[in-house]
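Structure, as structure tokens:
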2 protein chains.
Amino acid sequence: MIEKISSTQNAKVKKWQHLTTKKGHQKYHQYLVEGWHIVGDAITAGQPIVQIAATPAQLAQHQAQLPANVEVFEINDDIAKKLSDTVTPQGIFAVVEILAQQHVNATEATGGWLLLDRIQDPGNIGTMVRTADAAGFTGVVFGQGTSSRYTPKVIRAMQGSQFHIQLTEGDLSEWVTDLKQRGIAVYGSALDEHAQDYSAVEPTADLGLIMGNEGQGMSAELMAATTQNLYIPIKGNAESLNVAVAAGVLMFQLNANLR
Amino acid sequence: MIEKISSTQNAKVKKWQHLTTKKGHQKYHQYLVEGWHIVGDAITAGQPIVQIAATPAQLAQHQAQLPANVEVFEINDDIAKKLSDTVTPQGIFAVVEILAQQHVNATEATGGWLLLDRIQDPGNIGTMVRTADAAGFTGVVFGQGTSSRYTPKVIRAMQGSQFHIQLTEGDLSEWVTDLKQRGIAVYGSALDEHAQDYSAVEPTADLGLIMGNEGQGMSAELMAATTQNLYIPIKGNAESLNVAVAAGVLMFQLNANLR
């Protein structure tokens, strides 16, 4: 039996809407994803989906593919519009559990790790998670002051990569210390020409890479703690690269598994 | 004498607002830029600025730096809000001439050229222009079906790079033919593993690089016309890279001037 919801004032609708905000994520440890592309991805990846809400058209198309143990709700276009972050919503949504803190221990982490130091823009965050996935990194650590990883804009830019690699929150200073203690190089990213040219660095299988705030760059404290700080030589008159582009150039250069 | 404008209904204000749209750009061959960072950049770069509009606070700060031959208007916060693309406008705007078609001849172009085939997202377009500048490319060619290069979101993402490198519109098929005829390699970007791994390509000083539509990639016609199509090996489960990140990885690899 599929429960039908027809009012945008319904309590479930209000809760789902709340699950697109950082406050909602903290309160319920759940978040909302939108569109079949990502809902289907979450199902394929065996993510802990608890509820699915869809318009009749979307149900007709996808009902057979929905997992058996998930509550399904039929919604109308008004509700879809209310829940959606887009102008023309597809009309299918899933509530996904945020896995119990997914705590990764820096004293055991291997492979490539991207460490985000106070990154602000949701599009940049999501794009970096997607790029880390494509570059074969193991995971991404969200340092203090980095925006939520479950808001609609971040989710859209991640393109499902949150289901493929590990996302965790952590103290970046501790991560740097723990990785270095185990002989794993941690690279900072600098705009400073006195830093090391990134293209001269030998790729490795295990590494940490820190990307810093869009305006201010990495914190001085982290800068001083890294194994080495790298810069990308800028040729033209541009003052800097977009942080997600810079992260892409660095990750594809540094990960030995790609070579 | 600085003319004071106090009504948001003023004809100049309406025209300036129109200069944030593609229609306005086509009608007046001018566009509006916002914020001192970019207005100052335009002045430094000797761009053809025709008018500047600023709040009293911004005028007090920057009036001495404004060029002598430019009409200056004092506006209030309401007008600034109306003209602005941001939530908290800085309060300074400039009307810049779109240089008479800036037609670049593909039969004479040298250096690196980024060719955009039906790219849709303004943020991606602007970021690619910024990255092309940073990677030492000579210019960017906007193929048919690529969004306007003077809308507020594109301008914000370009971060002033439109003043540093050449931007032009053009027929991409003609560009490919003309460059190849002069022995200059034109690379396409593919998701196809049968294409050439980009990291095996020898960097060159003169080259063309085509990036395709976010959803569909490059057109089949262009794909068939290139010297070689390249792919970036994807390691994880990500299906693809963001187009601006991919463009960054490719441009920094392929431009011999960076080596």
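The values are calculated or read from the model by the stated rules, or taken from the named source; none is laboratory data. Quantities reported herein were computed from a predicted structural model and do not represent experimental measurements. Cβ coordinates were reconstructed from backbone atoms using ideal geometry, including for glycine residues, and neighbour counts include every protein chain displayed.
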Kindly indicate whether B:Thr127 is in the same structural domain as B:Ala244 (by TED's automatic domain parsing), buried (at least 19 other Cβ atoms within 10 Å of the Cβ) and either closer than 29 Å to A:Gly123 by Cβ or among the polar types (S, T, N, Q) (or both). yes
Step by step: first the residues of region B:8-49, then only those that are surrounded by fewer than 21 Cβ atoms within 10 Å (Cβ to Cβ) and of a type in the set (Phe, Trp, Tyr), then the one that is nearest to B:Pro67 (Cα to Cα). Which residue is that? B:Trp36
Test for B:Asp197: is it free of Cβ contacts under 8 Å to residues at least 60 places away in the same chain, in the same structural domain as B:Leu254 (by TED's automatic domain parsing) and in contact with a Gly (Cβ under 6 Å, 6 or more places away or on another chain): no
Assess whether A:Leu115 counts as being over 11 Å from the mean Cα position of the chain (by Cα) and closer than 30 Å to B:Tyr198 by Cβ. yes
State which residue is farthest from the other protein chains (Cβ to nearest Cβ) when the search covers only region B:94-137 and only residues that are within 14 Å of B:Phe163 (Cβ to Cβ) and part of a loop (DSSP other than H, G, I, E, B). B:Ile98
Under 8 Å by Cβ, and 6 or more places apart or on different chains, what pairs join a residue from region A:164-178 that is more than 18 Å from A:Ser189 (Cβ to Cβ) and without any contact (Cβ under 8 Å) to a residue 40 or more places away in the chain with one that is among the acidic types (Asp, Glu) and buried (at least 19 other Cβ atoms within 10 Å of the Cβ)? A:Ile165/A:Asp133
In the list A:Ala244, A:Ala185, A:Ala220, which residue meets the criterion of being closer than 24 Å to B:Leu250 by Cβ and assigned by TED's automatic domain parsing to the domain that holds A:Gly136? A:Ala244
Going through region B:168-183 in order, the residues found to be over 23 Å from the mean Cα position of the chain (by Cα) and within 17 Å of B:Val104 (Cβ to Cβ) are B:Thr177, B:Lys180, B:Gln181, B:Arg182
Going through region A:36-51 one residue at a time, which ones are more than 17 Å from the chain's Cα centre (by Cα) and either small (Gly, Ala, Ser) or closer than 15 Å to A:Ser84 by Cβ (or both)? A:Trp36, A:Gly40, A:Gly46
So which of A:Gln196, A:Gln228 ends up being in contact with a Leu (Cβ under 6 Å, 6 or more places away or on another chain) and over 20 Å from A:Val140 (Cβ atoms)? A:Gln196
Counted residues, region B:133-177 - those being in contact with a helix residue (DSSP H, G or I) (Cβ under 6 Å, 6 or more places away or on another chain) and acidic (Asp, Glu): 1
Residue check: is B:Val154 under 30 Å from A:Ile38 (Cα atoms) and among the aliphatic types (A, V, I, L, M)? yes
With B:Gln166, B:Gln196 as the choices, which residue is at pLDDT below 95, surrounded by fewer than 23 Cβ atoms within 10 Å (Cβ to Cβ) and closer than 30 Å to A:His164 by Cα? B:Gln196
Is region B:45-60 home to any residue that is in contact with a strand residue (DSSP E or B) (Cβ under 6 Å, 6 or more places away or on another chain), at pLDDT 95 or above and among the small types (Gly, Ala, Ser)? yes
